[in-house]
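Take a look at the structure below.
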Amino acid sequence: MMMPDAVPVLTIDGPSGSGKGTVARAAAERLGWHILDSGAIYRAVGHAAGAAGIDFGDAAAVARLARGIRLEFRDPGDGGDTRVIVDGVDATDAIRTETAGAAASAIAAWPEVRKALVDKQLAFRQPPGLVADGRDMGTVIFPHAPFKVFLTASPGERAERRYKQLKAKGLDVTLVSLLHEIEVRDARDASRTVAPLRPASDAVVIDTTGRTIAAVVDAVLALVHQA
Ligand code: C5P
């Protein structure tokens, strides 16, 4: 059996709306590798903490919840979105709201919460390989990953992408409010003291502004195939 350390990992980090979720899913499918959507884990914890009435400022209480939370990622088998089951309840749609995103960003700033979630993320490293999507995949969780990518895009383009995604889901949002939320969230994610959003020193940075998903996926896969 392949040792976990020998299982190849492709890390895809970047800010919200950089296209990393879509690129990660496509890359995982083309490679036949597993996928870790680490943002969904933070969203699930933020959502569960909110539902339990826990104060996001109470790091110890959120960390306790994070340690005990039961998360399952289920492929619906019909090509649809992966279902995210939180403590036995399907929370797929609930964790995708802007409220859950803001909750995720707030609780993700606590070192003890991040620590509580490390093993859950490492467990995704299973043969034949893993595509790990997030903010600190290449810097903190899989620092020795052989393949690292950091995706960026202009704030305006990222807001527009989020707008289309959320509208397609029937959610009532405005472009201006999304742009504002993206800027606030970016500033917080980049300035926090633990695992701030930044490319790993050995990551390949790809600006996706004005590029198609297909072109970005090809560029990412070229890195893996070149090796
Ligand atoms: O990627 P997504 O928008 O789903 O992430 C939601 C929030 O979770 C981010 O804004 C960030 O604060 C947090 N997060 C994180 N580390 C990760 C993934 C997400 O801090 N690896």
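The values are calculated or read from the model by the stated rules, or taken from the named source; none is laboratory data. Worth saying up front: this structure is predicted, and the values here are computed from it rather than measured. Cβ sites come from the backbone with ideal geometry, for glycine too, and all protein chains shown count toward neighbours. What goes into the accessible areas is simple: the full protein's heavy atoms, side chains included, and nothing from ligands, DNA or RNA. Shrake-Rupley method; radii C 1.70, N 1.55, O 1.52, S 1.80 Å.
If you go through the stretch 14-42 one residue at a time, how many are away from the ligand (no atom under 11 Å from the Cβ), β-branched (Val, Ile, Thr) and either touching a strand residue (DSSP E or B) at 6+ places or on another chain (Cβ under 8 Å) or within 21 Å of residue 102 (Cβ to Cβ) (or both)?
2
For residues that are without any contact (Cβ under 8 Å) to a residue 60 or more places away in the chain and part of a loop (DSSP other than H, G, I, E, B), scanning just the stretch 145-187, find the one that is most open to solvent (accessible area, probe 1.4 Å).
Ranking the qualifying residues of the stretch 145-187, first place goes to 172.
Restricting to the stretch 132-144, and then to whatever is assigned to a helix (DSSP H, G or I) and surrounded by 24 or more Cβ atoms within 10 Å (Cβ to Cβ), can you tell me which residue is farthest from the ligand (Cβ to nearest atom)?
At the first step, the residues of the stretch 132-144 found to be assigned to a helix (DSSP H, G or I) are 137-141.
With surrounded by 24 or more Cβ atoms within 10 Å (Cβ to Cβ) added as a condition, the list becomes 137-138, 141.
Values: 137: 6, 138: 10, 141: 7 Å.
The selected residue is 138.
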